[in-house]
Amino acid sequence: STAETRANWAVIFLALTSLISLGSMYSCYSQAKWISDILSGAADFNEEQATAHIIRSGLLWLGYIVMGGASVVALVRWIYRSYRNLLAFGVQTLRFTPRAAVYRAFIPFVNLVHQHQVMTELWKASDPENVHPRSWKEGITHPMIVLFDALVLFDVACVIYFVWYSWSLSQIEVP
């Protein structure tokens, strides 16, 4: 498959992962409101509602894990192939090798900065306006890179929120 096809799959999976994250945030909010209403006496505990919340949360988590995994696989395959293509086209002075562009994505905290650097380098080095193999670094960073960064940070924030929310639910004592 072409690099464009791989990029399209990566974007689709990232978008679906973000949609699942939004759904999970709404689910957490509605569950927290329901529990708050129970604790304040504004609502009664209903086992069917509790079961529905648990099933919905589990399905959203499962969806997030599956789509997040698919996003990672698609993104890693696209990045690796794109870097190999840049080398094949004679682009010089790349900061990362194809392997380094991929494996650093799996180092916690490093990956938050690294992904921006990789995507910026890929965008600039792939720009047809930068035809000279060494002058590509002078290109402009495209706003799509900022959108990519925002999606990645949004998903990281969602994971942190889900973990915090799950922990806080375990601390509630229901009368």
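Points to keep in mind about this one:
- Count - residues of region 14-30 that are of a type in the set (A, V, I, L, M, F, W, C), crowded, with 20+ Cβ neighbours inside 10 Å and at pLDDT below 85: 2
- Remark: pairs (first residue in region 96-109, assigned to a loop (DSSP other than H, G, I, E, B) and open to solvent by less than 20 Å² (accessible area, probe 1.4 Å); second residue modelled with pLDDT of 90 or more and not aliphatic (A, V, I, L, M); Cβ separation under 8 Å; 6+ apart in sequence or on different chains) = PHE96/TYR83.
- Residue among THR141, THR120, THR93 that is modelled with pLDDT of 80 or more, within 21 Å of VAL156 (Cβ to Cβ) and of a type in the set (Ser, Thr, Tyr): THR120
- Residue tally, condition open to solvent by 40 Å² or more (accessible area, probe 1.4 Å), among the aliphatic types (A, V, I, L, M), without any contact (Cβ under 8 Å) to a residue 40 or more places away in the chain and farther than 30 Å from VAL11 by Cα, over region 31-68: 2
The values are calculated or read from the model by the stated rules, or taken from the named source; none is laboratory data. A quick note: this is a predicted structure, and the numbers were derived from the prediction, not measured. Please note: Cβ atoms are built from the backbone with ideal geometry, for glycine as well, and neighbour counts cover all protein chains shown. Side chains are part of the model used for accessible areas, which takes the heavy atoms of the whole protein and leaves out ligands, DNA and RNA. Shrake-Rupley method; radii C 1.70, N 1.55, O 1.52, S 1.80 Å.
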